[in-house]
1. Which residues, counting only those in the stretch 1-31, are at pLDDT 95 or above, small (Gly, Ala, Ser) and assigned to a loop (DSSP other than H, G, I, E, B)?
2. Would you please list the contacts, defined by Cβ atoms under 9 Å and residues six or more apart or on different chains, that run from a residue in the stretch 55-70 that is outside any helix (DSSP H, G or I) to a residue that is hydroxyl-bearing (Ser, Thr, Tyr)?
3. How many residues does the stretch 76-109 contain that are under 20 Å from the mean Cα position of the chain (by Cα) and either modelled with pLDDT of 60 or more or hydrophobic (A, V, I, L, M, F, W, C) (or both)?
4. What number of residues in the stretch 12-41 are hydroxyl-bearing (Ser, Thr, Tyr) and surrounded by 17 or more Cβ atoms within 10 Å (Cβ to Cβ)?
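The values are calculated or read from the model by the stated rules, or taken from the named source; none is laboratory data. Everything numeric in this text was worked out from a predicted model, so none of it was measured. Glycine also receives a Cβ, built like all others from the backbone with ideal geometry; neighbour counts cover every protein chain displayed.
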Amino acid sequence: MTEQDIPAEPSEDPVTGIRNIGPAMARALAEAGITTAEALRRVGADDAYARMIATGMKPHFIGYYALVMGLQRRPWNDCRGEEKTALRRRFDALSAGAAGSAPGIERLLDEIGTGRRR
């Protein structure tokens, strides 16, 4: 068995090894300090997404629930009905928490929709 045949340790697996996570989401996660699949599983979707928002990423519901579904090893579009409604409530709470944490003028600009361009 060569070195190439030895599977990477779970802690070394990239986040793109998780279903639904592509290069753009991987970059956003890396900016939030999450670079491995194990780290993402450990912090969970809500904390990871809150960290991404804190780095300046604009929140998108589809990205959030794709992350949640990916951590459950499900297709991104497998979220429907009451489950999707519950996820929307969680997403809204995360987004509201991020908007409320912006300092002074930034928070006000975000509230009226003229905040920083991302």
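1. Correct list: GLY22 only.
2. MET57/TYR49; PRO59/TYR49; PRO59/SER95
3. The first filter runs over the stretch 76-109 and keeps only residues under 20 Å from the mean Cα position of the chain (by Cα), leaving 76-80, 83-102.
Then keep just the ones that are either modelled with pLDDT of 60 or more or hydrophobic (A, V, I, L, M, F, W, C) (or both); that gives 76-80, 83-99, 102.
Number satisfying all stated conditions: 23.
4. Step one: filter the stretch 12-41 for residues hydroxyl-bearing (Ser, Thr, Tyr), giving 16, 35-36.
Restricting the remaining residues to those that are surrounded by 17 or more Cβ atoms within 10 Å (Cβ to Cβ) gives 36.
Adding up the residues that qualify gives 1.
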